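Note sheet for the following structure.
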Amino acid sequence: MIRASLRSKNGMVRLLSGIGPFRVLIGLAFALFVGATASVGVRGSAQQAEEAAPVANEILEDLTTQPIDFSHHHHVTEIGLDCQVCHVYARRSPVAGIPSVQRCAGCHEQVLADAPEIQRLLEFWENEAPIPWVRVHDLPDHVRFSHKRHVLGGVNCAECHGDVGQMESAVQVESLSMGWCLSCHEEREASRDCLICHY
């Protein structure tokens, strides 16, 4: 049996007794194995991330490809619709919401009903199927963002989403990173307490 004593920072002595030499060797071998595996894993992860980067960029480029060509420019600038006509939950909910097929069909059963993209829209309506829109602005799951707080606080949609009225297809123009959000909170003298967004 090996008996060892270790002196801690506060001067107290801890005795490790009853540890056999075989267990000590197994423990050391395990520690070396874990360290070597972690080292290889980190190098492998970095290499995998570099190899995956072009694929990730291709995926990001595809994020603006929507199932229906919806022109924000036409609806916002040319017709004059307010964002909240379609994104009805923005002022009363954490999420802004994507317009239902019923809301779109409500206008387009009469307006431009013969246009090819409107025909595609009406197919979803007739089949009672939702339009599989691709999310453009997506925050990590650990962030709790509320559109309601921001809209009622006087934050204009364009401050986060850009001038959507000039976009054919919505694209993300701001990073929406934690630093970007904190800068805005600081400028507006809004709370920067962690629990405002992370709870």
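The values are calculated or read from the model by the stated rules, or taken from the named source; none is laboratory data. All of these numbers come straight from a predicted model, not from anything done at the bench. Positions of Cβ are backbone-derived with ideal geometry, glycine not excepted, and every protein chain shown enters the neighbour counts.
The table below lists the values:
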| quantity | calculated |
| --- | --- |
| Boolean, R120 is more than 24 Å from H73 (Cα to Cα) and surrounded by 11 or more Cβ atoms within 10 Å (Cβ to Cβ) | no |
| Helices (runs of 4 or more DSSP H) wholly inside the range 80-178 that include at least 1 residues being outside the structural domain of S191 (by TED's automatic domain parsing) and more than 23 Å from R192 (Cβ to Cβ) | 101-108, 116-126 |
| Breaking point among (1) of a type in the set (A, V, I, L, M, F, W, C); (2) surrounded by fewer than 15 Cβ atoms within 10 Å (Cβ to Cβ); (3) closer than 19 Å to L81 by Cβ; (4) under 23 Å from the mean Cα position of the chain (by Cα), for V134 | (3) |
| Of all residues in the range 179-195 being small (G, A, S) and part of a loop (DSSP other than H, G, I, E, B), the one that is surrounded by the most Cβ atoms within 10 Å (Cβ to Cβ) | A190 |
| Matching residues in the range 160-176 - criterion: being of a type in the set (A, V, I, L, M) and buried (at least 16 other Cβ atoms within 10 Å of the Cβ) | V164, M167, A170, L176 |
| Test result for S183, touching a residue at least 12 places away in the same chain (Cβ under 8 Å) and on the phi < 0 side of the Ramachandran plot | no |
